[in-house]
Amino acid sequence: MSQSEKEKPAKSKGVVASVMKRLRPGRRSSRKASLNAANGSLVPTTSLEGKVAVVTGSSKSLGAILARCLAEQGADIVVNYVRDSKSADEVVNSIRALNKGRVLAVAADASTVEGGRVLLNETLRVFGRIDILVLNAGSSVTRSLSEIDEEFWDSQMAMNVKAPLFLAKAASTFLPPFGGRIIFISSSLTTMSGVPPNALSYIASKGAIEQISRALAKDLGSRGVTVNSICPGPIDSSRGSTNTGDLGKSGYQPLDAITKQAPLNRLTTPEDIAPIVAFLASPAAQWVNGQSIRVNGGAVV
């Protein structure tokens, strides 16, 4: 699959280098971090022009919407898939139709450590850099306590915790100082009082991700790389949800109850999540670090 030609990037707008200098005394602003001054504005840019973003699990559902949203802001995009090349092609073509940045599709199983290495190596081979890593791939299959065995537990932790952690570790070496972004996808179920009883392995793995992002924010934050978690509410299954999984098994139907808890009486959609991810990926979010941001319309407060 070939990649589209990149248009000449436009000049960044709305960023004041002097503000950045006050925040980081003694450090020069980096062009790579999009910290250029323009028009005397105090609001950093939300443009992602000139940046390379990798979104794991982005051939469909939430990941596809995240990839397109980042592309709309000007980023070069790596679309990741495992087997469904047709869906990946559709995402790539929709991004190319924007006539903005470049786009590449990479077949790699990002729910494994080895697949993550393949994805990162191909990104660096083609684009020569990585600025933004969105860790969307994972499993929402879950079981109640009586159904869980060691093999199942280990597989879920490997996919939802181990693989994204070690991809983040590998990518962190290449993320630019004062501009690198790591964004984990967690779930609002980790703090929901009405959590379904068969969500044990799922919420345990997502809770681990939130704690990992807190620790990495301290670790990588010293060089200006931010690490945050987005915690969506359960996503409307009619929109191709990947985060509700088996939560309706065993006669327990939480989605209707969750819908009623939201003031607007609906579930979350991928379009609710994507703008928040795009913001966290941008220079405007430079001071947002180590946070678990719950995007659920007020269903969980």
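The values are calculated or read from the model by the stated rules, or taken from the named source; none is laboratory data. Keep in mind the model is a prediction, meaning the values are calculated, not measured. Cβ: placed from backbone, ideal geometry, glycine included. Neighbour counts: every protein chain shown.
Taking the stated definitions as given, is Ser187 out of contact with any helix residue (DSSP H, G or I) (no Cβ under 6 Å at 6 or more places or on another chain) and either at pLDDT below 95 or small (Gly, Ala, Ser) (or both)?
No; evaluated as a whole, the condition is false for this residue.
Could you grab the pairs with beta carbons closer than 9 Å, sequence gap of 6+ or different chains, first residue in segment 206-230 and touching a residue at least 40 places away in the same chain (Cβ under 8 Å), second one part of a strand (DSSP E or B) and among the basic types (Lys, Arg)?
Val225/Arg181; Thr226/Arg181; Val227/Arg181; Asn228/Arg181; Ile230/Arg294
Can Val134 be described as outside any loop (DSSP other than H, G, I, E, B), touching a residue at least 60 places away in the same chain (Cβ under 8 Å) and surrounded by 20 or more Cβ atoms within 10 Å (Cβ to Cβ)?
The answer is yes for Val134.
Quick one: Ala105 ticks every box in (1) within 19 Å of Asp236 (Cβ to Cβ); (2) of a type outside the set (D, E, K, R); (3) assigned to a strand (DSSP E or B) bar one, so which box is it?
Single failed check for Ala105: (1).
Out of (1) assigned to a loop (DSSP other than H, G, I, E, B); (2) buried (at least 20 other Cβ atoms within 10 Å of the Cβ), the odd one out for Leu98 is which?
So the condition that Leu98 fails would be (2).
Do we find a residue being closer than 30 Å to Thr46 by Cα, within 17 Å of the chain's Cα centre (by Cα) and assigned to a strand (DSSP E or B) anywhere in segment 110-130?
no
Tell me, which residue of segment 163-197 that is assigned to a helix (DSSP H, G or I) and among the β-branched types (Val, Ile, Thr) is surrounded by the most Cβ atoms within 10 Å (Cβ to Cβ)?
Selected residue: Thr190.
Given the criterion polar (S, T, N, Q) and at pLDDT below 95, identify the matching residue among Ser250, Ser205.
Selected residue: Ser250, the only one of Ser250, Ser205 that is polar (S, T, N, Q) and at pLDDT below 95.
Looking only at segment 51-71, decide whether some residue is among the charged types (D, E, K, R), free of Cβ contacts under 8 Å to residues at least 24 places away in the same chain and either surrounded by fewer than 24 Cβ atoms within 10 Å (Cβ to Cβ) or in a strand (DSSP E or B) (or both).
Looking through segment 51-71, none of the residues is among the charged types (D, E, K, R), free of Cβ contacts under 8 Å to residues at least 24 places away in the same chain and either surrounded by fewer than 24 Cβ atoms within 10 Å (Cβ to Cβ) or in a strand (DSSP E or B) (or both).
Looking at Asp89, is it acidic (Asp, Glu), in contact (Cβ under 8 Å) with a residue 12 or more places away in the chain, within 27 Å of Asp236 (Cα to Cα) and in a loop (DSSP other than H, G, I, E, B)?
When the stated conditions are applied, Asp89 does not pass them.
So that you can scan it fast, the table gives a plain yes or no per residue for (1) farther than 20 Å from Ser139 by Cα; (2) in a helix (DSSP H, G or I); (3) at pLDDT 95 or above; (4) not hydroxyl-bearing (Ser, Thr, Tyr):
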| site | (1), (2), (3), (4) |
| --- | --- |
| Ala199 | no, yes, no, yes |
| Arg214 | yes, yes, yes, yes |
| Lys218 | yes, yes, yes, yes |
| Gly224 | yes, no, yes, yes |
| Ile230 | no, no, yes, yes |
| Leu255 | no, yes, no, yes |
| Ile273 | no, yes, yes, yes |
| Gly298 | yes, no, no, yes |
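Hey, among the residues in segment 137-150 that are hydroxyl-bearing (Ser, Thr, Tyr) and in a loop (DSSP other than H, G, I, E, B), which one's surrounded by the most Cβ atoms within 10 Å (Cβ to Cβ)?
So, considering only residues that are hydroxyl-bearing (Ser, Thr, Tyr) and in a loop (DSSP other than H, G, I, E, B), the one surrounded by the most Cβ atoms within 10 Å (Cβ to Cβ) is Thr142.
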